[in-house]
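Please read the structure below before turning to the comments.
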Amino acid sequence: MSMIEFKDVEKYYGDFHALKDINLDVEAGETVVLLGPSGSGKSTLIRTVNGLEPVQEGQLIVNGQDLANPQTDMNRTRKNVGMVFQHFNLYANKTVLENIMLAPRLVLKRDEAENKKIAMELLERVGLADKADKMPSTLSGGQQQRIAIARSLAMKPKALLFDEPTSALDPEMVNDVLKIMREIAADSSMTMLVVTHEMGFAKQVADRVIFMADGQILEDSPTEEFFANPKEPRARQFLSQIIH
Amino acid sequence: MAEFLSAFSWINIRFLLMGLWVTIEVAVVSVILSFIIGSLLGVIRYVKIPYLSRIVGFIIDVIRNLPLLLIIFFTYFALPKIGIHLGVMTSTIFALTIFESAMLAEVIRSGIVAVPKGQLEGALSNGLSFKQALWHIILPQAYKKMIPPIVSQFVSLIKDTSLATIIMLPEVTYRAQIIYAQEPNAIVAMFFALAVLYFALNYVISKIGRILDRRMAA
């Protein structure tokens, strides 16, 4: 069953054609990594999947709802599709624990005691239970990102979107975040769409790699095949620049 | 000098302080009302509702560019012509609220705009509705940034209440006028007293505002 399906999707920013004829099908439980040079449209593409960027043409079916239709209630999709950002976007006016508990309380009406129990378990899982009462701004980037992941997981989403989750982190923080992402990917029911420059992570975790350039999908291959034998010259060039 | 000092009889001081209380009353009620209305208008400006936001924006621009005195005249002298009779106190509060709401709407809109866009995106993709995101995440952060401009608006509001002298609101400036009308020698003393009272009140408010701002920033 597909979780995310793009059919002939076009997106424009004014005159700029940001996404061109996108066709992509992500099955439930699959982990897909998006690669490509900067400005290729990867982030734009991933942001369309929970309606942060509207698309103008085609169909974009996420969890059974067509996001290309302006009538669609984006909130229903967002309840089931979490997102982790490059700059974390934790709520600056809430403690760590409140960051995780807020949406389940307001949106899912989760019982308060249960909400707290789940939040603490998640903090435990990302190794930051001792930071529950801290404000996000007092934590390191790596810690903030792990909390952002915990916040997304608290909604028990069917799919998670990661938009360059490690790009803003100091090198020594990257592995802590990748480790948690690996664990999430190991859960066979979770659909993951990841924009990243971490080739090691892509090789190890992705079922498939999508290569984008200039707003188009140039290649869509199983991971091993992509790294061993990329079909597209642009993809080959990209890999040779990144892997030394 | 003896003239100057004799103006500060207990009767006169008490008379002035009662006026200062009216000043504070009018200012506090107006600032609370204009904070609520200004927030509403600021949010309407921010969310860009078709037509409504444009119309609200136009009205705010008009009000911001009118002298407050004209608005006071309008509420006190023009509204009765169309059958709306407001007392002196209500007229003043009404006029100040209209004027201050327009001022605060702009302060609040710019405060909202200054909250990083990622906060809204984080909230929306976390499943919150736009309203929930605004209420729980965006507005609390915006208000925190807005403490200094809101306090300075409050201070100008207190000073602006003196304009209501024109429609004979018994606030502190008006009462000073009554005193020196009866005791012409007291005129300098009364101006001095007014300066001290306004300064003391506004200085205290500014100080509280600064402390509040530092607390919230910590």
Sort out which residues of the range B:156-200 are under 16 Å from the mean Cα position of the chain (by Cα), crowded, with 18+ Cβ neighbours inside 10 Å and in a helix (DSSP H, G or I), and write them in order of number. B:LEU157, B:ILE158, B:ASP160, B:THR161, B:LEU163, B:ALA164, B:TYR198
For the range A:41-48, check the following and say yes or no: at least one residue is part of a loop (DSSP other than H, G, I, E, B), away from chain B (no Cβ under 14 Å) and either under 29 Å from A:ALA168 (Cα atoms) or charged (D, E, K, R) (or both). yes
Would you mind telling me which numbered condition in (1) buried (at least 17 other Cβ atoms within 10 Å of the Cβ); (2) under 23 Å from the mean Cα position of the chain (by Cα); (3) more than 9 Å from every other protein chain (Cβ to nearest Cβ); (4) not in a strand (DSSP E or B) A:LEU60 fails? (4)
Looking at this structure, is B:ALA142 within 12 Å of chain A (Cβ to nearest Cβ), under 23 Å from the mean Cα position of the chain (by Cα) and assigned to a helix (DSSP H, G or I)? yes
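So that you can scan it fast, the table gives a plain yes or no per residue for (1) within 14 Å of another protein chain (Cβ to nearest Cβ); (2) surrounded by fewer than 22 Cβ atoms within 10 Å (Cβ to Cβ):
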site: A:ALA129; (1), (2): no, yes
site: A:ASP133; (1), (2): no, yes
site: A:LEU139; (1), (2): no, yes
site: A:GLN145; (1), (2): yes, no
site: A:SER152; (1), (2): yes, no
site: A:LYS158; (1), (2): yes, yes
site: A:LEU161; (1), (2): yes, no
site: A:PRO165; (1), (2): yes, no
site: A:GLU172; (1), (2): no, yes
Is there a residue being among the charged types (D, E, K, R), crowded, with 23+ Cβ neighbours inside 10 Å and at negative phi anywhere in the range A:14-35? no
Here the residues within the range A:1-13 that are surrounded by fewer than 17 Cβ atoms within 10 Å (Cβ to Cβ) and among the basic types (Lys, Arg) are A:LYS7
Among the residues of the range A:118-127, write down those that are of a type outside the set (Val, Ile, Thr) and either in a helix (DSSP H, G or I) or within 14 Å of chain B (Cβ to nearest Cβ) (or both). A:ALA119, A:MET120, A:GLU121, A:LEU122, A:LEU123, A:GLU124, A:ARG125
Could you run through the range A:38-50 and say how many residues are surrounded by fewer than 22 Cβ atoms within 10 Å (Cβ to Cβ) and in contact with a Lys or Arg (Cβ under 9 Å, 6 or more places away or on another chain)? 1
Qualifying residues in the range A:68-117 (those that are under 17 Å from the mean Cα position of the chain (by Cα) and part of a loop (DSSP other than H, G, I, E, B)) - the one nearest to the other protein chains (Cβ to nearest Cβ): A:ASN89
Give me a count of the residues in the range B:128-139 that are surrounded by fewer than 19 Cβ atoms within 10 Å (Cβ to Cβ) and outside any helix (DSSP H, G or I). 1
Here is a list: B:ILE108, B:ILE137, B:ILE112. Which entry is within 14 Å of chain A (Cβ to nearest Cβ), in contact (Cβ under 8 Å) with a residue 60 or more places away in the chain and touching a Gly at 6+ places or on another chain (Cβ under 9 Å)? B:ILE112
Kindly indicate whether A:SER240 is within 22 Å of A:GLY29 (Cα to Cα) and either in a helix (DSSP H, G or I) or aliphatic (A, V, I, L, M) (or both). no
Which condition from (1) more than 12 Å from A:MET3 (Cα to Cα); (2) within 9 Å of another protein chain (Cβ to nearest Cβ); (3) surrounded by fewer than 21 Cβ atoms within 10 Å (Cβ to Cβ) is the one that A:PRO54 breaks? (2)
Quick one: how many residues across the range B:189-208 are under 11 Å from B:PHE154 (Cβ atoms) and of a type in the set (Val, Ile, Thr)? 2
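Bear in mind these aren't lab numbers, they're just calculated from the coordinates by the rules spelled out. Here the structure is a predicted model, which means the values were calculated and not measured. We place every Cβ from the backbone using ideal geometry, glycine too, and count neighbours over all the protein chains shown.
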